[in-house]
Structures are given as structure tokens and as C-alpha cells.
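Visitor: Below are the C-alpha cells for one structure; questions will follow.
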Amino acid sequence: MMIEQLEMSEPPLVGSRNRHLPVSAAFGWLAAGWRDLWRYPVGSLIYGVLVFAVSIAVVWGLLRFHLDYILFPAIAGFMVIGPLFALGLYQKSRDLEEGKPASFASMLMVRAASGSQLWFTGVILCGLLLLWMRAAVIIYALFFGLNPFPGVEGVVKMLATTPEGWGLLVTGISVGGLFAAFGFAISMFAIPMLLAEETDCFTAMGTSMSLVWNNLHVMLVWGAIVVALFLLSFATGFLGLIVIFPLLGHASWHCYKAIR
């Protein structure tokens, strides 16, 4: 009898994470992120400058040490670990939401409710990024064997004018898309959840995947917005990151609050 009562009191699991949000909600999160960006804009913009500087340093290092063959997977893989770098932006949006004063110091000195579980999640995401880059090297070898990478200058011609390049492009996009989708699913809500709630990393990542899957339509639109803005940043030589990264960071917090 007691077991039956407990079972009746438990909420249904099926569909319990579906918020039935319209796809237009994604643009509402972007608008909310824009408002947070310009409330104490100095902190957010400094944050964006730091992300821009790190991005330039990474690209310079890869070119300087002749690791340009992993340049494009590394740039694309940045979206996997991007939520980890946005912690300070989540904190600012959280402070503004709670009516607390936002400061750059609070954005840098973030104390997550989950403690070390947050950094353990970061290690997992970095491992996924390294696996992605290794997969990119293997795919290149499958199509071009031991031929050296032609460099950034010659890669576009190689991809556009040779059958091997076409095959590499299609396969690389397909495999990279799978890595990106998985990384997006496990990190989208996990990082802000670990910041705000006391939980473990695997629960957070599993919950994140569940929330993304059960709200797939709006999350596909949100993912498309993130990719489009990231490509815009790339087209501007990463200068766009100074504004776009803080914008997406603040907007992602509102996405988390709306769906979690």
C-alpha cells in the first residue's frame, strides 16, 4: 500500500522536461542577453576582449608551431567548451536577476554551487574537444594519406577542386556535426546548472541532454543562432567576439532559466 502511494505521488517522467516553448522564444533570450550586456557594459565588454585575446593567441600558437592542420577543428570545437568560458557572464546575469550589483570582480571570482564538479565537467568537455581534433586528423589521413597538410592558404583550393577534398569536406562536416551536437547537448544547460545548483557533473550533463531533446525545436533554432553569430565573429577576424560572446553568454543564462 505504501509503495502504491509513493508511486502515485511521483511526477510523471515522460514529457516532464518539455516546456512547449515556441521557437520564437530563442529570439527572446537573445533580446534579454542584449539587455544584460548593456547593464554594466564595461564588465561584459572586458570579458569579450579577454576571449578575443585568448582566441587570437591560440590561433597564433597553432600557426607558429605548424599545427595549422587542427586549426579549423579547434575553432569549431571552441563552441563545445564555450559555455565553460561564459561562467562569468552567467554570474552577471544571475546577479542582475537577483537585484545584486554586477561587477567585473564577481564575474572573475565565480563560486559555483557544485564546487569541483564544475571543473570536472570542464575536463570532460576538453577531452571531447581533443577527441574531435584527433578524429579530424584521422579523417584527413583517410582521404590524403601521408600527404602533408597544404596549409591555410591551400586548404580551400584542395577542398573545392579535388574529389578527395569533396569527400573530406562532406565526411568532416558530418562527423564534426555529430561532435558539435553532442557537445552542445551535454553542456548547454550543464554549466549554468552546476553554477546555480548543487549537483554532480553526470547528473547535470544527463539533465542537459534531456532538456535539449525534449525542447528540440526551440533548441535547434537557438543552436542555429549561436552558429550564425559565431561564423560572423570568425568572418571579422574574431573581433566580433568582443560583443557576440558576452551577448550569447548572457542569453544562454536566460535560456537555462526558461527551460530548467
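The values are calculated or read from the model by the stated rules, or taken from the named source; none is laboratory data. Predicted model, so just to flag it, every value in this text is computed and none were measured. Using ideal geometry, Cβ is built from the backbone for each residue, glycine included, and neighbour counts are taken over all protein chains shown.
Visitor: So which pairs qualify, if the first residue must be in region 182-209 and closer than 18 Å to H250 by Cα, the second must be in a loop (DSSP other than H, G, I, E, B) and of a type in the set (V, I, T), the Cβ gap must be under 8 Å, and the two must be at least 6 apart or on different chains?
Guide: These pairs meet every condition: M193/T199; L195/V110.
Visitor: Hey, another quick one. Where residues in region 22-45 are touching a His at 6+ places or on another chain (Cβ under 9 Å) and buried (at least 17 other Cβ atoms within 10 Å of the Cβ), which of them is nearest to D95 (Cα to Cα)?
Guide: D36
Visitor: Please verify whether M209 is assigned to a helix (DSSP H, G or I), closer than 23 Å to H20 by Cβ and under 16 Å from the mean Cα position of the chain (by Cα), treating the condition exactly as stated.
Guide: yes
Visitor: Can you tell me which residues in region 102-146 are over 18 Å from M79 (Cβ atoms) and polar (S, T, N, Q)?
Guide: Of everything in region 102-146, those that are over 18 Å from M79 (Cβ atoms) and polar (S, T, N, Q) turn out to be S103, S106, S114, S116, Q117.
Visitor: Is there any pair linking a residue in region 124-146 that is within 21 Å of L169 (Cβ to Cβ) and surrounded by fewer than 13 Cβ atoms within 10 Å (Cβ to Cβ) to one that is hydroxyl-bearing (S, T, Y) and modelled with pLDDT of 90 or more, with Cβ under 8 Å and at least six apart or on different chains, and which?
Guide: Correct list of pairs: L142/T171.
Visitor: Could you list, in sequence order, the residues of region 86-121 that are buried (at least 17 other Cβ atoms within 10 Å of the Cβ), out of contact with any Gly (no Cβ under 7 Å at 6 or more places or on another chain) and either of a type in the set (V, I, T) or modelled with pLDDT under 90 (or both)?
Guide: Correct list: S106, T121.
Visitor: Would you tally the residues in region 188-206 being within 15 Å of Q91 (Cα to Cα) and either in a helix (DSSP H, G or I) or over 16 Å from the mean Cα position of the chain (by Cα) (or both)?
Guide: 8
Visitor: Can I ask one more? Go through region 196-208 and report how many residues are in contact with a helix residue (DSSP H, G or I) (Cβ under 6 Å, 6 or more places away or on another chain) and surrounded by fewer than 21 Cβ atoms within 10 Å (Cβ to Cβ).
Guide: Final tally of qualifying residues: 1.
Visitor: Being crowded, with 17+ Cβ neighbours inside 10 Å and either of a type outside the set (A, V, I, L, M, F, W, C) or touching a His at 6+ places or on another chain (Cβ under 7 Å) (or both) is the filter here, so list the residues in region 209-220 that pass it.
Guide: Within region 209-220, N215 is the sole residue that qualifies.
Visitor: Of the residues G165, G249, G223, G177, which single one is buried (at least 21 other Cβ atoms within 10 Å of the Cβ), part of a helix (DSSP H, G or I) and either touching a Ser or Thr at 6+ places or on another chain (Cβ under 7 Å) or of a type outside the set (S, T, Y) (or both)?
Guide: So the residue among G165, G249, G223, G177 that is buried (at least 21 other Cβ atoms within 10 Å of the Cβ), part of a helix (DSSP H, G or I) and either touching a Ser or Thr at 6+ places or on another chain (Cβ under 7 Å) or of a type outside the set (S, T, Y) (or both) is G249.
Visitor: Now, a different point. For region 46-73, which residues satisfy the criterion of being surrounded by 17 or more Cβ atoms within 10 Å (Cβ to Cβ) and either modelled with pLDDT of 90 or more or within 28 Å of R111 (Cα to Cα) (or both)?
Guide: Y47, G48, V51, F52, S55
Visitor: A further question on this structure: For region 150-159, state whether one or more residues are surrounded by fewer than 18 Cβ atoms within 10 Å (Cβ to Cβ) and modelled with pLDDT of 90 or more.
Guide: Among the residues of region 150-159, not one is surrounded by fewer than 18 Cβ atoms within 10 Å (Cβ to Cβ) and modelled with pLDDT of 90 or more, which makes the answer no.
Visitor: Moving on. Do we have G43 as touching a residue at least 24 places away in the same chain (Cβ under 8 Å), of a type outside the set (S, T, N, Q) and under 25 Å from W132 (Cβ atoms) here?
Guide: No, not satisfied.
Visitor: Here's another thing I want to ask about it. Mind listing whichever residues of region 181-195 are crowded, with 19+ Cβ neighbours inside 10 Å and either of a type in the set (G, A, S) or over 26 Å from F72 (Cβ atoms) (or both)?
Guide: G183, A185, S187, F189, A190, P192, M193, L194, L195
Visitor: Mind listing just one residue for me: the one in region 231-242 that is in contact (Cβ under 8 Å) with a residue 60 or more places away in the chain and in contact with a helix residue (DSSP H, G or I) (Cβ under 6 Å, 6 or more places away or on another chain) and, of those, nearest to T121 (Cα to Cα)?
Guide: Of everything passing the filter in region 231-242, L241 is nearest to T121 (Cα to Cα).
Visitor: Output the residues belonging to region 226-241 that are touching a Ser or Thr at 6+ places or on another chain (Cβ under 9 Å), more than 14 Å from G183 (Cα to Cα) and in a helix (DSSP H, G or I).
Guide: The answer is S233, L241.
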